[in-house]
Amino acid sequence: MTVNSLSFLAFLAVTVLVYYLIPKKTQWVCLLIASLYFCWTLGNGLLGYLSLTCLSTYAAVRLMGRLDEKLEKQLAGLAPAQKKQQKNVVRKQKKRILAGALVLNFGILVLVKYDDFLVGNLNRFLGIWGRGNLTSPGFLVPLGISYYTLQSMGYALDVYKGKVKPEKSFWKTALFLCFFPQMTQGPIGRFPDLAPQLFAGRSFSYDNLAMGCRRILWGIFKKAVIADRMKPVVDTIFGHPNRYSGMTIFLGCIYMSIQVYADFSAYMDIVAGAAQLFGIRIAENFRRPFFSMSLAEYWRRWHMTLSGWFRDYLFYPLSISKPAVRFGKIGKKYFGIRIGRLFPAIYAMVIVWFSTGLWHDASWRYVLWGAANGAVMIASMCLEPCFRKLKQALHIPEESRGWKLFSMLRTFLLVSLLKVFPGAGSTKEALKLLKKIFTDFGAELSYEAFFPKMEAMHLAFIGVGLAAFLMVSIFQEKAPARANLARKPMAVRWCCYFLLITCILCMGAFEIEMVGGFAYAQY
């Protein structure tokens, strides 16, 4: 059951109706039952894996919570030295509990998602000595495992650090981890932000209903009119790259950037709208990333909950770790104080972007994709003074509209170029296509070279969709577009709704089949 299907919309309508008809104190139970049913429909053993994560996370946070409660009682009347000693003892105990939860849950993720990758590479390594005939268990990967694993372990880490108190109810913990709108593609929620909303009782609100439905409708428009209309041309180019020139392949990278953004942000609109029907605000995952003026800014605007997770739970701890400090000293010794100060951040970024690449897919082409993103940002950090001096020498005002537009276009083209890695079928093919983009300029200036296997009418539909998407994004950058629409006269609002529905029915593509219905569900 995908979130853009009629079955999901019917399921959502029934859940909303029941939610507001039952007593407020039991509304969270309604959400839990609906979430478990939704997970069951996704199959591939998701409920089993999810149950293990819920049990292990609940056990870990409760044990750490009890240690904290015990420590508070023990500290009364102790001398300062004894307090410090007791705190160290408890910290070590909590660290062992946390380590057990991390090893178990990330171990499940690695075993299920990366078994083929690990076995294949181990066989290649053993093949050097004429050995290696290991067989992958061939686990079915449940949708959403990458997302709920990060969410659960983020919660455990926050309890370990004392940022949040552990939830005492197992079933409420389970609801936090399996709330159905964010199960298959996130966003990756934080316990202090999401959990209180899930457990609170609410009365029906027409404003929440209207705002939620508007957002769902907008998401379906982006999915059907833009993302699913663009997917065939992207598949055609990357499915048969030998037929096309470097120019067409680069255009395929650009099309893929737009298609993936429309697809993923459409999902976010649908699930955020679905949550708002219950009066729940889930975390935003996008802030118009194609308006970014640098790659670093792009990643602060794209998939923000994933970027935030890696920043808070991986980058920051790594950048102040002992290896990072030692690395910084080496940098200062051989490269000077300014560059040396960047070495701890560089150390952390290398690990973060290697992990980000692997999180997206168990393949070396995604590792290279992550490494390329990290390399560009590390180079930008190191060369920033040189760029500043160059702009001063050329008298380029950074706040000028022209420079901003140039920076946005440059960032968009760079992001698109890196799509050659996820677009290609293998690491070898990705490198081959990358070379072709920069060496093969023998393209014919024909319609087929620009839009392979794309009917003119479908191209017109996409053009209409992209124009609407861009216009709304520009308005949204300045002020909330949906809130502005809500303040318009009823006639204006309903004309907009009718126009959107008409566009969806007349211009949308509904025959596309993908893993989970959306591109990022496979991650």
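The values are calculated or read from the model by the stated rules, or taken from the named source; none is laboratory data. For clarity, every value in this text was computed on a predicted model and none was experimentally measured. Note: ideal-geometry Cβ built from the backbone for every residue, glycine included; neighbour counts use all protein chains shown. We work out accessible area using only protein heavy atoms, side chains counted, and drop any ligands, DNA or RNA first. Shrake-Rupley method; radii C 1.70, N 1.55, O 1.52, S 1.80 Å.
If I go through the range 492-505 residue by residue, how many of them are farther than 13 Å from Phe221 by Cβ, open to solvent by 70 Å² or more (accessible area, probe 1.4 Å) and of a type in the set (A, V, I, L, M)?
0
Output yes when any residue across the range 358-370 is open to solvent by less than 50 Å² (accessible area, probe 1.4 Å) and without any contact (Cβ under 8 Å) to a residue 40 or more places away in the chain, and no when none is.
The answer is yes, given that some residue of the range 358-370 is open to solvent by less than 50 Å² (accessible area, probe 1.4 Å) and without any contact (Cβ under 8 Å) to a residue 40 or more places away in the chain.
Just to be sure before I move on: is Arg482 open to solvent by 50 Å² or more (accessible area, probe 1.4 Å) and either closer than 19 Å to Ile504 by Cβ or touching a Pro at 6+ places or on another chain (Cβ under 9 Å) (or both) in the structure I sent?
yes
What number of residues within the range 252-281 satisfy the criterion of being open to solvent by 20 Å² or more (accessible area, probe 1.4 Å) and in contact with a Ser or Thr (Cβ under 9 Å, 6 or more places away or on another chain)?
4
Quick check, is Tyr334 touching a helix residue (DSSP H, G or I) at 6+ places or on another chain (Cβ under 6 Å), assigned to a helix (DSSP H, G or I) and open to solvent by 40 Å² or more (accessible area, probe 1.4 Å)?
no
Look at Thr236 and say whether it is open to solvent by 10 Å² or more (accessible area, probe 1.4 Å), among the hydroxyl-bearing types (Ser, Thr, Tyr) and under 20 Å from the mean Cα position of the chain (by Cα). Full working, then the answer.
Values: open to solvent by 10 Å² or more (accessible area, probe 1.4 Å): yes; among the hydroxyl-bearing types (Ser, Thr, Tyr): yes; under 20 Å from the mean Cα position of the chain (by Cα): no.
Against the criterion (open to solvent by 10 Å² or more (accessible area, probe 1.4 Å), among the hydroxyl-bearing types (Ser, Thr, Tyr) and under 20 Å from the mean Cα position of the chain (by Cα)), Thr236 does not qualify.
I'm trying to understand the selection: among the residues of the range 231-252, which are under 22 Å from Phe510 (Cα atoms) and hydrophobic (A, V, I, L, M, F, W, C)?
Correct list: Val233, Val234, Ile237, Phe238.
Give the range 429-462 a look and list any residue that's in a loop (DSSP other than H, G, I, E, B) and among the hydrophobic types (A, V, I, L, M, F, W, C), or say none.
Matches in the range 429-462: Phe441, Ala443, Leu445, Phe451, Met454.
Could you pull out the residue among Phe343, Phe315, Phe327 that is open to solvent by less than 30 Å² (accessible area, probe 1.4 Å) and in contact with a helix residue (DSSP H, G or I) (Cβ under 6 Å, 6 or more places away or on another chain)?
Details: Phe315 fails: open to solvent by less than 30 Å² (accessible area, probe 1.4 Å); Phe327 fails: open to solvent by less than 30 Å² (accessible area, probe 1.4 Å).
Going through Phe343, Phe315, Phe327 in turn, just one is open to solvent by less than 30 Å² (accessible area, probe 1.4 Å) and in contact with a helix residue (DSSP H, G or I) (Cβ under 6 Å, 6 or more places away or on another chain): Phe343.
Select from the range 140-171 the residues that are open to solvent by 80 Å² or more (accessible area, probe 1.4 Å) and in a loop (DSSP other than H, G, I, E, B) and write down the one among them that is nearest to Gln93 (Cα to Cα).
Let us first name the residues in the range 140-171 that are open to solvent by 80 Å² or more (accessible area, probe 1.4 Å), namely 140, 161, 163, 165, 168, 171.
Applying the additional criterion that residues be in a loop (DSSP other than H, G, I, E, B) yields 140, 161, 163, 165, 168.
Values: Leu140: 35, Lys161: 13, Lys163: 17, Lys165: 17, Lys168: 20 Å.
In this case the residue turns out to be Lys161.
Inside the range 244-273, can you point out the residues that are in contact with a Gly (Cβ under 7 Å, 6 or more places away or on another chain) and farther than 21 Å from Ser473 by Cα?
Listed by number, the residues that qualify are Ser245, Gly252, Cys253.
When both residues are 6+ apart or on different chains and their Cβ atoms are under 7 Å apart, which pairs have a first residue that lies in the range 52-77 and is aromatic (Phe, Trp, Tyr), and a second that is open to solvent by less than 30 Å² (accessible area, probe 1.4 Å) and in a helix (DSSP H, G or I)?
Cβ pairs passing all conditions: Tyr58/Thr173.
If I ask for residues that are charged (D, E, K, R), in contact (Cβ under 8 Å) with a residue 40 or more places away in the chain and outside any helix (DSSP H, G or I), which ones from the range 281-318 would you list?
If the condition is that a residue be charged (D, E, K, R), in contact (Cβ under 8 Å) with a residue 40 or more places away in the chain and outside any helix (DSSP H, G or I), then Arg281, Glu284, Arg288 are the ones that fit.
Hey, does the range 407-416 have a residue that's among the basic types (Lys, Arg), more than 25 Å from Val233 (Cα to Cα) and surrounded by 12 or more Cβ atoms within 10 Å (Cβ to Cβ)?
The answer is no; no qualifying residue exists.
Tell me the residue from Ala76, Ala60 that is under 30 Å from Lys95 (Cβ atoms), surrounded by 14 or more Cβ atoms within 10 Å (Cβ to Cβ) and aliphatic (A, V, I, L, M), please.
Step by step, each of Ala76, Ala60 is checked, and only Ala60 is under 30 Å from Lys95 (Cβ atoms), surrounded by 14 or more Cβ atoms within 10 Å (Cβ to Cβ) and aliphatic (A, V, I, L, M).
Give the number of residues within the range 83-124 that are within 25 Å of the chain's Cα centre (by Cα) and loosely packed, with under 13 Cβ neighbours inside 10 Å.
So the count comes out to 4.
So the check is Cβ under 6 Å with 6+ separation or different chains; which pairs have a first residue in the range 445-461 that's surrounded by 11 or more Cβ atoms within 10 Å (Cβ to Cβ) and a second one that's part of a loop (DSSP other than H, G, I, E, B)?
Listed by first residue and then by second, the contacts come to Ala449/Ala443; Leu459/Phe451.
List pairs: first residue in the range 161-182 and over 9 Å from Cys54 (Cβ atoms), second residue of a type outside the set (A, V, I, L, M, F, W, C) and open to solvent by 20 Å² or more (accessible area, probe 1.4 Å) anywhere in the structure, Cβ distance under 6 angstrom, at least six positions apart or on different chains.
Pairs found: Val164/Pro192; Pro166/Arg62.
Cβ-Cβ under 6 Å, sequence separation 6+ or interchain: first residue in the range 15-41 and without any contact (Cβ under 8 Å) to a residue 40 or more places away in the chain, partner part of a helix (DSSP H, G or I) and open to solvent by 40 Å² or more (accessible area, probe 1.4 Å). Which pairs?
Cys30/Val18; Trp40/Leu47
Taking the range 10-25, which residues are closer than 17 Å to Gly279 by Cα, part of a helix (DSSP H, G or I) and open to solvent by 50 Å² or more (accessible area, probe 1.4 Å)?
Residues satisfying the conditions are Ala13, Val14, Leu17, Val18, Leu21, Lys24, Lys25.
Read through the list (1) open to solvent by 70 Å² or more (accessible area, probe 1.4 Å); (2) assigned to a loop (DSSP other than H, G, I, E, B); (3) closer than 30 Å to Ile237 by Cα, then give the number of the only condition that Ala509 fails.
So Ala509 meets the others, but not (1).
Taking the condition assigned to a helix (DSSP H, G or I) and surrounded by 13 or more Cβ atoms within 10 Å (Cβ to Cβ), does Gly127 pass?
no
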